[in-house]
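> Below is the structure I would like to discuss, written out as structure tokens.
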Amino acid sequence: MIWSGRWTSSGPTATWRASLPSPDAELGEVIIELTRSGPYLKCSAIHVATGVEVSAFGPVAEPKGLERIALAKLKRALAAR
């Protein structure tokens, strides 16, 4: 990930966004967005070339796991197109 450190915000939610090279060369560029709301975390993955977006929800303690789930969902969504 491009960011590091603790979640901080001035309100009940915090958002982090990064454009990352995909672990799968066929997938291309993907934007990963993590949004925290209390004890929950939403991970959105957006495929830059097509604009297809998927998301996964889970506990704030598992950001890497949610990122893997969101990328897997993105791959399935792109395959279904």
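The values are calculated or read from the model by the stated rules, or taken from the named source; none is laboratory data. Computed from a predicted model, the values in this text were never measured in an experiment. We place every Cβ from the backbone using ideal geometry, glycine too, and count neighbours over all the protein chains shown. Just so you know, the surface numbers come from the protein's heavy atoms only, side chains and all, with ligands and any DNA or RNA stripped out. Shrake-Rupley method; radii C 1.70, N 1.55, O 1.52, S 1.80 Å.
> Short version: ³J(HN,Hα) in whole Hz for each residue of the stretch 44-60, in order, from phi by Karplus 6.51 cos²θ - 1.76 cosθ + 1.60 (θ = phi - 60°), x for Gly and Pro, what are they?
Once θ is set to phi - 60°, the couplings for the stretch 44-60 become 9, 10, 10, 7, 4, 5, 10, x, 5, 10, 9, 8, 9, 10, x, x, 5 Hz.
> Same structure, new question: How much net charge surrounds ALA56 when only other residues with a Cβ under 14 Å from its Cβ are counted (Lys, Arg +1; Asp, Glu -1)?
Numbers: positive: ARG36, LYS42, LYS64, ARG68, LYS73, LYS75, ARG76; negative: GLU33, GLU53, GLU62, GLU67.
Local net charge: +3.
> How long is the gain from ARG68 to VAL52 if the chain were fully straight, where each residue apart is worth 0.36 nm and the alpha carbon distance is subtracted? Before the final figure, lay out the partial values.
Numbers: separation 16, 0.36 × 16 = 5.76 nm, distance 1.63 nm.
Result: 4.1 nm gained on full extension.
> Ignoring ligands, DNA and RNA, what percent of the 1.4 Å accessible area of the stretch 29-81 is carbon and sulfur?
57
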